[in-house]
Amino acid sequence: MTKKTQKQNPSFDVADLAVVGGGLTGFAMALSAAHHGVTIALIDRAPKGQKGDETRTTTINPKSYQHLSDLGVIEAFEAKAHVLTPICEIRVSDEKTRPQPGLARPDELITWSNDQHDTPLGFVFRNAEMMAVMQDLVHSHPLITCFNDITVTDFSPKHPDYGDAAAAVYTETGDVIAARLVVAADGRNSPIRQAAGIKAITRNPGQTAVVADIKTAKPHHNMAWQRFIKGGPAALMPVDNDRLMSLVWTLPDHDAEVLIAADDASFSQSLMDHFGHGFGQLTVSGPRLTWPLRLSHVPLPIASRLMLAGDAAHAIHPLAGQGYNLAIGDAMALSTLIENAIATGSDLGAKSGLRRYAQDRFKETTAMTLATDGLNAVFSFGGPVTTAITGMGMALLNASPLKNLAIKAASGGLSKSR
Ligand SMILES: Cc1cc2nc3c(=O)[nH]c(=O)nc-3n(C[C@H](O)[C@H](O)[C@H](O)COP(=O)(O)OP(=O)(O)OC[C@H]3O[C@@H](n4cnc5c(N)ncnc54)[C@H](O)[C@@H]3O)c2cc1C
């Protein structure tokens, strides 16, 4: 089988791993596996060269940064002169306070700074830049065979030729890819998850995320700002340079439509109304994009010779910027599975390894799903009771043990495999 052919017969001998989905998760899974010397078939329905969105940004925590660095991704990213913007301070506030840099009120505003830490609290990259870099890495990796522009239509734990010894990944072109283990990294609607009959708990929060670049009149000094306001949380993350921030604002669907249709001056005024004047004038710059939110959680993200990863296993509210961090946690757990299989000479798709993967990921993905969903529910849709809770919310969150736990979670410290 020729490497990286498109629309040709992709049936080659049994691959150790087949990764369905060439998004940020599929790339991280494939590169993590290749790091351990196994062979991989990576299949994506998009043509080669698909780009992530220019306006979308992703914040990763130090653990994810370290893993991507171990895989050579960070080095390749920086070699392209792309910027990974460090976050040195995170400020969180609620409806009652309007944050002003330098004027934090400790009882109502959480401020996390990296004074006590050696490394930044997180890093922000542009999705389009990271997609391009990771795409180059997987396409040039000798152990990864990429099949682009091919839609996967079905999955079976038994291959027609290899029986129980390999799973089968069926494509729209009528081809069948054989692999010891299949990773479904095919996004929140995961066709593979559905084909395998794996149950997901899904919820439509009735919110849409609005994303845009925002110019600030004053320098942001690498601060990230999270506001828990009625209707949905809003965050400004530092990106690219000292006067540019990336907005992710989740609002009720209708309000998002209104905001997206507003002229630049009205849009900027809404921002100033909600974020205050701490950064001086805030001006929307470039396109504004929307993402209707659909949340899902898969308590048992495995089946025979199959594991789910990334949004296919857990699509969470973006308020804490943790979705991709969970995916990197999945990639680390896959690394552990492969290391164990190699050490014991066992089948990569063995049930015992898959069960350990599910156990390993359960705590962190469930905790993050509940935390983000709960925070969103309490702060966004407050009735009389929740308003009282919300009143206590920031003070509670600022209480030392909870704050420490939140910092631990945000920096990627809840998973067993790390
Ligand atoms: C507004 C917003 C802001 C966010 N900010 C952050 C953040 O700051 N930090 C963070 O950690 N996370 C963040 N997230 C979450 C993060 O973006 C996602 O968790 C992550 O992008 C999921 O990537 P994925 O590869 O799992 O899924 P996707 O990006 O959906 O990729 C799925 C891939 O599978 C392919 N595919 C699908 N079906 C098939 C098929 N049948 N055959 C072949 N290929 C198929 C698709 O072509 C695609 O390439 C944010 C999310 C949103 C919505």
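The values are calculated or read from the model by the stated rules, or taken from the named source; none is laboratory data. Since the structure is predicted, the reported quantities are computational estimates derived from the model, not experimental observations. Using ideal geometry, Cβ is built from the backbone for each residue, glycine included, and neighbour counts are taken over all protein chains shown. Ligands, DNA and RNA are excluded from the accessible area calculation, which covers all protein heavy atoms including side chains. Shrake-Rupley method; radii C 1.70, N 1.55, O 1.52, S 1.80 Å.
Here are the numbers for this structure:
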item	result
Every residue from segment 126-147 that is away from the ligand (no atom under 13 Å from the Cβ) and either more than 19 Å from Asp16 (Cβ to Cβ) or assigned to a helix (DSSP H, G or I) (or both)	Glu129, Ala132, Val133, Asp136, Leu137, His139, Ser140
Test: residue in segment 128-136 that is in contact (Cβ under 8 Å) with a residue 12 or more places away in the chain and farther than 23 Å from Ile40 by Cα	yes
Hey, Gly232 within 16 Å of the ligand (Cβ to nearest atom), in contact with a helix residue (DSSP H, G or I) (Cβ under 6 Å, 6 or more places away or on another chain) and assigned to a loop (DSSP other than H, G, I, E, B) or not	yes
Tally, over segment 245-266, of residues that are within 20 Å of Pro318 (Cα to Cα) and either over 20 Å from the mean Cα position of the chain (by Cα) or surrounded by fewer than 19 Cβ atoms within 10 Å (Cβ to Cβ) (or both)	8
Lone qualifier among Ile74, Ile60 - being of a type in the set (Val, Ile, Thr), without any contact (Cβ under 8 Å) to a residue 60 or more places away in the chain and closer than 27 Å to Ala209 by Cβ	Ile74
Members of segment 267-277 found to be open to solvent by 10 Å² or more (accessible area, probe 1.4 Å) and in a loop (DSSP other than H, G, I, E, B), listed by number	His277
Boolean, Arg305 is at positive phi, open to solvent by 10 Å² or more (accessible area, probe 1.4 Å) and not acidic (Asp, Glu)	yes
Sole exception among (1) open to solvent by 10 Å² or more (accessible area, probe 1.4 Å); (2) closer than 13 Å to Cys88 by Cα; (3) away from the ligand (no atom under 11 Å from the Cβ) for His220, by number	(1)
Candidates Arg203, Arg188, Arg227, filtered to the one that is open to solvent by less than 20 Å² (accessible area, probe 1.4 Å) and of a type in the set (Lys, Arg)	Arg227
Evaluation of Leu370 against (1) surrounded by fewer than 24 Cβ atoms within 10 Å (Cβ to Cβ); (2) modelled with pLDDT of 95 or more; (3) in a helix (DSSP H, G or I) (one fails), failing number	(2)
Unmet criterion (only one of (1) more than 12 Å from the ligand (Cβ to nearest atom); (2) surrounded by 21 or more Cβ atoms within 10 Å (Cβ to Cβ); (3) part of a strand (DSSP E or B)) for Val210	(1)
Tally, over segment 235-259, of residues that are assigned to a strand (DSSP E or B) and more than 15 Å from the ligand (Cβ to nearest atom)	5
Matching residues, segment 316-328, being on the phi < 0 side of the Ramachandran plot and either open to solvent by 20 Å² or more (accessible area, probe 1.4 Å) or out of contact with any Gly (no Cβ under 7 Å at 6 or more places or on another chain) (or both)	Ile316, His317, Pro318, Leu319, Ala320, Gln322, Gly323, Tyr324, Leu326, Ile328
All positions within segment 305-347 that are assigned to a helix (DSSP H, G or I), among the charged types (D, E, K, R) and either closer than 12 Å to Ala358 by Cα or more than 16 Å from the ligand (Cβ to nearest atom) (or both)	Asp330, Glu339
Evaluation of Ala195 against (1) within 14 Å of the ligand (Cβ to nearest atom); (2) under 20 Å from the mean Cα position of the chain (by Cα) (one fails), failing number	(2)
Unique residue being touching a helix residue (DSSP H, G or I) at 6+ places or on another chain (Cβ under 9 Å) and at pLDDT 95 or above when the list is Ala200, Ala167	Ala200
Any hit, segment 329-348, residues being in contact with a Pro (Cβ under 8 Å, 6 or more places away or on another chain), small (Gly, Ala, Ser) and either open to solvent by 10 Å² or more (accessible area, probe 1.4 Å) or in contact (Cβ under 8 Å) with a residue 12 or more places away in the chain (or both)	no
